[in-house]
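Engineer: This is the structure, below, for whatever I ask next.
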Amino acid sequence: MSDSASAGWVCSVCGYVHRGAAPPEACPVCGAPASDFERQADTPKPPKPNPGQWRCLICSYIHAGGAPPEACPVCGASADDFGPLDDAKPEPPQTHAGALRFVIVGGGIAGLAAAEAIRGVCPDARITLIGKDPAPPYYRLNLTRYLAGEVGADHLPIHPDAWYSEQDIRLLLGEDVAGIDPAGHTIQWASGVSEPYDKLVLACGAHPFMPSIEGTALEGVTALRTRGDADRILDAIRPGAPWAVIGGGILGLETAGALARRGARVTVVENFGWLLPRQLDAFAARHLHAFVAEKGIEVLYQRQTAAFEGDGCVKAVRLADGSRLSAEGVVVAAGIRSNSHLARKAGLEVNQGIVVDARLTTSHPDIFAAGDAAEHHGIVYGLWEPARYQGQIAGLNAAGRPAEFGGLPRVNTLKVLGFGLFSVGTIAPADGSYLVLRDETEEGCRVFLFHDNTLAGAILAGDTRLSAELAKAVKTRRDCSALLRANPSAADAVAFFSEARN
Ligand SMILES: Cc1cc2nc3c(=O)[nH]c(=O)nc-3n(C[C@H](O)[C@H](O)[C@H](O)COP(=O)(O)OP(=O)(O)OC[C@H]3O[C@@H](n4cnc5c(N)ncnc54)[C@H](O)[C@@H]3O)c2cc1C
């Protein structure tokens with residue numbers, strides 16, 4: 001039985017778990033009211049910190065040592081982006097799953113994490129990991145750094161090639177799964193041949209959303225999703241050439257920063273009135289705009305793209321107001337769509353993504369889904385860490401080891417642009433019951449949103465040293481009543497959260 005003072009309350013909309021005697025007035029993640037919270041039957045104990053190990057907040061790289069490294073060797077994040085590893089230690093392997101056949105469709109981080117989790121608890125399992133990409137699983141989130149020339153191709157693979165055979169994981173690359181038969185427990189290859197499974201994990205990721213704009217088929221109009229996309233852009237780019245990026249979200253800005261590093265003259269076309277509208281409020285976005293402009297990147301706000309023009313190759317972008325931008329290349333960064341067609345064709349429940357429950361089970365009990373392909377409580381995260389974590393949980397459940405995904409706060413950072421930016425959780429107050437503290441510093445600004453005596457969200461622009469503590473405070477719903485009692489300023493909030501670092 002759980003202690004009523006620390007009972008768990010699960011938001012039925014987004015999966016957020018609140019601890020306390022009663023549910024919060026509103027969910028700090030999705031804003032759902034108290035009536036949407038359900039009491040957890042049995043509240044799991046929080047994981048114990050694992051001293052001496054540090055996880056990179058951005059790419060999940062784990063560093064062993066007394067302190068975090070100066071910079072993440074994988075994604076370049078600074079020491080401030082590391083937090084103590086607080087995953088529970090894996091329990092001893094189970095053997096009951098024996099030589100069950102696990103098939104994982106999708107060789108991205110979610111698929112790989114599922115394979116690792118299954119192998120961790122089922123030494124005898126027969127694991128097949130299938131990827132459409134010709135390359136073994138790689139750090140997709142590092143493609144912008146690769147494009148910028150910050151890391152070479154040798155930094156992209158997650159594991160060396162030999163790792164897969166050492167782990168006895170059958171890795172099939174450049175292979176496209178064409179269908180699934182849930183009743184028959186088989187997948188189908190394009191050739192029509194079937195392959196049986198006992199448990200299936202769908203980790204097939206997402207594809208870039210291409211708005212239906214005239215001219216998207218022109219050469220030079222592309223998205224950035226795969227290593228192949230990055231290589232094509234690198235082949236095409238030349239110093240001084242005009243390039244356009246459609247979309248001023250994180251991926252669009254990172255891409256713009258990378259293109260500018262390669263010497264292109266970059267214009268970003270953004271529909272909204274400020275940059276990163278999903279991660280920043282207008283106040284914080286002003287600082288980012290100034291920084292971006294200093295880099296020589298032009299941003300056009302509240303503009304819609306009407307067409308890409310050219311004769312075989314793109315030459316210009318026509319905007320809805322009739323104006324034209326000349327462009328030798330265009331990168332469209334207008335969001336992603338889950339790869340859910342396999343699941344849909346197989347009759348599984350699909351909404352924006354493949355619908356999963358807390359155990360990441362789809363509407364078929366032997367099929368699991370994770371990462372950008374999956375929709376949990378209405379959310380398709382489209383982020384690295386949730387994809388990794390979901391993959392792990394899907395793998396554990398597929399292997400018969402119950403584990404639950406309770407939702408994660410969204411953590412966003414910029415890497416390539418060189419501007420320290422971090423945002424987590426809710427960035428816009430849903431109503432007047434939120435306390436918002438903000439101030440400006442020499443380097444940028446800080447915004448804190450409190451609700452129900454906890455930190456619901458935060459933005460750091462410029463100095464991001466507090467990012468790991470803030471992410472943790474949002475994730476664990478740290479009690480901030482001691483701070484909030486004293487009519488605090490943003491500087492007081494910084495001091496309060498800094499204490500946890502020291
Ligand atoms: C350029 C870029 C930068 C990013 N930067 C960040 C960042 O800084 N921080 C962050 O949190 N997130 C970032 N992301 C998002 C993050 O990379 C994704 O959320 C994450 O990679 C999703 O992992 P996944 O395994 O679910 O899907 P994916 O990485 O898309 O992998 C799915 C794999 O499944 C394969 N597949 C699909 N269908 C089939 C099929 N039928 N048969 C076989 N294989 C199939 C695909 O080819 C793909 O290789 C970035 C993404 C991009 C593109």
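Engineer: Can you go through V330, V299 and tell me which one is assigned to a strand (DSSP E or B), hydrophobic (A, V, I, L, M, F, W, C), touching a residue at least 24 places away in the same chain (Cβ under 8 Å) and closer than 30 Å to R438 by Cβ?
Structural biologist: Among V330, V299, only V299 is assigned to a strand (DSSP E or B), hydrophobic (A, V, I, L, M, F, W, C), touching a residue at least 24 places away in the same chain (Cβ under 8 Å) and closer than 30 Å to R438 by Cβ.
Engineer: Can you tell me which residue is farthest from the ligand (Cβ to nearest atom) among those in the stretch 345-387 that are over 21 Å from A403 (Cα atoms) and not in a loop (DSSP other than H, G, I, E, B)?
Structural biologist: V350
Engineer: Sticking with this structure for a sec: Only one of (1) on the phi < 0 side of the Ramachandran plot; (2) out of contact with any Gly (no Cβ under 6 Å at 6 or more places or on another chain) fails for G149. Which number is that?
Structural biologist: Evaluating G149 over (1) on the phi < 0 side of the Ramachandran plot; (2) out of contact with any Gly (no Cβ under 6 Å at 6 or more places or on another chain) leaves (1) as the failure.
Engineer: Just wondering, is there one or more residues in the stretch 88-101 that are at pLDDT 95 or above and open to solvent by less than 10 Å² (accessible area, probe 1.4 Å)?
Structural biologist: There is no residue in the stretch 88-101 that is at pLDDT 95 or above and open to solvent by less than 10 Å² (accessible area, probe 1.4 Å).
Engineer: So which helices (runs of 4 or more DSSP H) stay within the stretch 104-183 end to end and still have 1 or more residues that are basic (K, R) and near the ligand (Cβ under 9 Å from one of its atoms)?
Structural biologist: Numbers: elements: 109-121, 143-148, 161-166.
Once the helices (runs of 4 or more DSSP H) in the stretch 104-183 are filtered for at least 1 residues that are basic (K, R) and near the ligand (Cβ under 9 Å from one of its atoms), what remains is 143-148.
Engineer: Which of the residues spanning the stretch 263-279 are among the charged types (D, E, K, R) and within 27 Å of the chain's Cα centre (by Cα)?
Structural biologist: E270, R278 - these are the residues of the stretch 263-279 that are among the charged types (D, E, K, R) and within 27 Å of the chain's Cα centre (by Cα).
Engineer: In addition: Got a number for residues in the stretch 160-169 being surrounded by 15 or more Cβ atoms within 10 Å (Cβ to Cβ) and in contact with a helix residue (DSSP H, G or I) (Cβ under 8 Å, 6 or more places away or on another chain)?
Structural biologist: Residues that pass the stated criteria total 2.
Engineer: Okay, next question. Of G220, G263, G215, G247, which residue is within 16 Å of the ligand (Cβ to nearest atom) and at positive phi?
Structural biologist: G247
Engineer: Among the numbered criteria (1) in a loop (DSSP other than H, G, I, E, B); (2) touching a Lys or Arg at 6+ places or on another chain (Cβ under 6 Å); (3) small (G, A, S), which one does G322 miss?
Structural biologist: (2)
Engineer: Ok, one more. Checking the conditions here, which among L288, L342, L275, L280 is outside any strand (DSSP E or B) and in the same structural domain as A373 (by TED's automatic domain parsing)? Even if it seems obvious, please write down each step before you answer.
Structural biologist: Numbers: L288 fails: in the same structural domain as A373 (by TED's automatic domain parsing); L275 fails: in the same structural domain as A373 (by TED's automatic domain parsing); L280 fails: in the same structural domain as A373 (by TED's automatic domain parsing).
When all the criteria are applied, what remains is L342.
Engineer: A further question on this structure: For the stretch 188-208, which residues satisfy the criterion of being open to solvent by less than 20 Å² (accessible area, probe 1.4 Å) and near the ligand (Cβ under 9 Å from one of its atoms)?
Structural biologist: Within the stretch 188-208, L202, A203, G205, A206 qualify.
Engineer: Now for a separate question. Can you name every residue in the stretch 129-155 that is touching a strand residue (DSSP E or B) at 6+ places or on another chain (Cβ under 6 Å) and either open to solvent by 60 Å² or more (accessible area, probe 1.4 Å) or at pLDDT below 95 (or both)?
Structural biologist: P134
Engineer: Another question about this same structure. For the condition aliphatic (A, V, I, L, M), open to solvent by less than 60 Å² (accessible area, probe 1.4 Å), more than 24 Å from the chain's Cα centre (by Cα) and on the phi < 0 side of the Ramachandran plot, what is the one hit in A293, A320, A334, A282?
Structural biologist: A293
Engineer: Which condition from (1) in contact with a helix residue (DSSP H, G or I) (Cβ under 6 Å, 6 or more places away or on another chain); (2) within 16 Å of the ligand (Cβ to nearest atom) is the one that I336 breaks?
Structural biologist: Of everything listed in (1) in contact with a helix residue (DSSP H, G or I) (Cβ under 6 Å, 6 or more places away or on another chain); (2) within 16 Å of the ligand (Cβ to nearest atom), I336 misses just condition (1).
Engineer: Oh, and also: Counting only residues that are within 9 Å of the ligand (Cβ to nearest atom) and not polar (S, T, N, Q), how many does the stretch 402-415 have?
Structural biologist: 4
Engineer: Which residue pairs have Cβ atoms under 9 Å apart, sit 6 or more places apart or on different chains, and have a first residue in the stretch 154-170 that is more than 21 Å from L143 (Cβ to Cβ) and in the same structural domain as I118 (by TED's automatic domain parsing) and a second that is among the charged types (D, E, K, R) and not in a loop (DSSP other than H, G, I, E, B)?
Structural biologist: Y164/R170; Q167/E116; Q167/R119; D168/R119; D168/R126; I169/E116; I169/R119; R170/R126
The values are calculated or read from the model by the stated rules, or taken from the named source; none is laboratory data. Source: prediction; values computed, not measured. When we count neighbours, we look across all protein chains shown, and the Cβ atoms used for this are built from the backbone with ideal geometry, even at glycine. Surface accessibility is based on the protein's heavy atoms, side chains included, excluding ligands, DNA and RNA. Shrake-Rupley method; radii C 1.70, N 1.55, O 1.52, S 1.80 Å.
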